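Visitor: Let me give you the structure first, and then I'll get to my questions.
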């Protein structure tokens, strides 16, 4: 790569889109090959072959690579432009993805990837080997047209995102702190291909209740029912849901009692909590921790907390989204943004740098048997990522450059319809939130106060 196209050479960008469309069959073949190398989160030994293949692709386009072994996971692969120097102080643009899937070993043998019409279907196609293929071909496009990205590119591909990124998260935060912007190659939201420009904080709480056992038929008055108290607590927790404010509290799993004829000495509930802002997360967590047992003879303890912070509409995030939209328009298509109720590594990266998420493949059925990627849309996303890598760096004070005014002029409608399905990403405890339609459409010019980062 030699020349720079950060001045928005429309002709180069149009040629890049034509090039990506012309290479659709190669894109499909590459994605199929990645899918055939199975990489379940819980099988770390499978990642050597996958990362070896992906590293070769990245070295072919001039990046340097480093395979970092994990302690209990499959580790990670990093790649960077030679000018980055791997770990220096130079500002970077950070491209973030993961190789792990939720599918157990043997799934591909039973359900091999299938190319039909305009889609490729198979386990892990959408979440998120389609995004990794998109990355490879975006970098090939830069090489093909002899243009350099506006900033050095640093890539991190983890093996533990689907289980909450326990080992990769510190490195993700470290690189995000050096980044001018972050592109997260999680799948776009739904077949419409909406890009995720805001995500909710995700928390997991465990409520434990201690009662006293007694014979339910002979002397029930000698006992204290943890089940009775749990029923009261569940109602109190669900009353904390405020759909208009974007806060949801869901008791998803419960355990209680020993036998039907014994007053329950213990009970437990697992609670999922989502909130759109740090302020809302703090408020709902305070209310949860203030719960007290009301059934005589019982006591209550609460464990857990928020494991993923929200990805909020900071001025930096808003400006990055405006830039992405403009790049899309130059390439000939309009982009729509959405707020997701799920979480990803983008939640953490956004605490340090402007971040755009759901920037990967378009399709449907993530974590489901009909998972697929739209190949025409994937070629378009190759061109979009290429164009964004060429775009000029974000300024130090993005608020001054926003076309929609300062942050806080308008707010995201937290009461927008929530589709109810789950979304891609994970909570820190390893819960998987996938599906790509748990989101709320956000008008292109909306904004929201709060959050950190530029």
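The rows are residues; the columns are (1) under 24 Å from residue 253 (Cβ atoms); (2) within 22 Å of the chain's Cα centre (by Cα); (3) buried (at least 19 other Cβ atoms within 10 Å of the Cβ).
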position	(1), (2), (3)
291	yes, no, no
306	yes, yes, yes
342	yes, yes, yes
351	no, yes, yes
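Visitor: With the structure loaded, tell me whether residue 371 is over 16 Å from the mean Cα position of the chain (by Cα) and over 30 Å from residue 223 (Cα atoms) or whether it fails that test. It would help to see each step written out before you state the result.
Guide: Numbers: over 16 Å from the mean Cα position of the chain (by Cα): yes; over 30 Å from residue 223 (Cα atoms): yes.
It is true that residue 371 is over 16 Å from the mean Cα position of the chain (by Cα) and over 30 Å from residue 223 (Cα atoms).
Visitor: Hey, another quick one. When only residues in region 226-246 that are touching a residue at least 60 places away in the same chain (Cβ under 8 Å) and in contact with a helix residue (DSSP H, G or I) (Cβ under 9 Å, 6 or more places away or on another chain) count, which is surrounded by the fewest Cβ atoms within 10 Å (Cβ to Cβ)? Can you show your working first?
Guide: Here is the first cut: in region 226-246, the residues touching a residue at least 60 places away in the same chain (Cβ under 8 Å) are 226, 228-229, 232-233, 243-246.
If we keep only those that are in contact with a helix residue (DSSP H, G or I) (Cβ under 9 Å, 6 or more places away or on another chain) too, we end up with 245-246.
Numbers: 245: 15, 246: 23.
Among them, the one singled out is 245.
Visitor: Looking only at helices (runs of 4 or more DSSP H) that fall completely inside region 72-191, which ones have 1 or more residues that are surrounded by 20 or more Cβ atoms within 10 Å (Cβ to Cβ)?
Guide: 130-145, 169-176
Visitor: Can you name the residue in region 388-419 that is more than 22 Å from the chain's Cα centre (by Cα) and not in a loop (DSSP other than H, G, I, E, B) and, of all such residues, is modelled with the highest pLDDT?
Guide: This residue is 390.
Visitor: Is at least one residue of region 61-76 more than 28 Å from residue 166 (Cβ to Cβ) and either at pLDDT 95 or above or not assigned by TED's automatic domain parsing to the domain that holds residue 134 (or both)? Outline the logic, then answer.
Guide: First, pick out the residues of region 61-76 that are more than 28 Å from residue 166 (Cβ to Cβ): 61-62.
Next cut, either at pLDDT 95 or above or not assigned by TED's automatic domain parsing to the domain that holds residue 134 (or both) only: 61-62.
Yes, there is a match, as at least one residue in region 61-76 is more than 28 Å from residue 166 (Cβ to Cβ) and either at pLDDT 95 or above or not assigned by TED's automatic domain parsing to the domain that holds residue 134 (or both).
Visitor: Just one of 283, 275 is at pLDDT 95 or above, buried (at least 17 other Cβ atoms within 10 Å of the Cβ) and in the same structural domain as residue 228 (by TED's automatic domain parsing); which is it? Show your work before the answer.
Guide: On the way: 283 fails: buried (at least 17 other Cβ atoms within 10 Å of the Cβ).
None of the other options fit; the residue is 275.
Visitor: Separate question: Test of understanding: among 350, 369, 340, 344, which residue is out of contact with any strand residue (DSSP E or B) (no Cβ under 7 Å at 6 or more places or on another chain), farther than 26 Å from residue 12 by Cβ and either modelled with pLDDT under 95 or not assigned by TED's automatic domain parsing to the domain that holds residue 247 (or both)?
Guide: Exactly one residue qualifies, and that residue is 369.
Visitor: Any chance you could count how many residues in region 259-271 are under 39 Å from the mean Cα position of the chain (by Cα) and surrounded by fewer than 18 Cβ atoms within 10 Å (Cβ to Cβ)? If you could, list the steps in order and put the result at the bottom.
Guide: If we filter region 259-271 for residues that are under 39 Å from the mean Cα position of the chain (by Cα), which is where we start, we get 266-271.
Within this subset, residues satisfying the condition of being surrounded by fewer than 18 Cβ atoms within 10 Å (Cβ to Cβ) are 268, 270.
Here the count works out to 2.
Visitor: Could we say that residue 374 is at pLDDT 95 or above, more than 30 Å from residue 263 (Cβ to Cβ) and surrounded by fewer than 24 Cβ atoms within 10 Å (Cβ to Cβ) here?
Guide: So residue 374 passes the test.
Visitor: Which residues, counting only those in region 302-329, are farther than 20 Å from residue 188 by Cα and part of a helix (DSSP H, G or I)?
Guide: Matches in region 302-329: 315, 316.
Visitor: Follow-up. Among 144, 174, which is farther than 14 Å from residue 99 by Cα, more than 16 Å from the chain's Cα centre (by Cα) and free of Cβ contacts under 8 Å to residues at least 60 places away in the same chain?
Guide: Matching residue, one of 144, 174: 174.
The values are calculated or read from the model by the stated rules, or taken from the named source; none is laboratory data. Since the model is a prediction, treat every value here as computed from it, not as a measurement. Glycine gets a Cβ as well: all are built from the backbone with ideal geometry, and neighbour counts include every protein chain shown.
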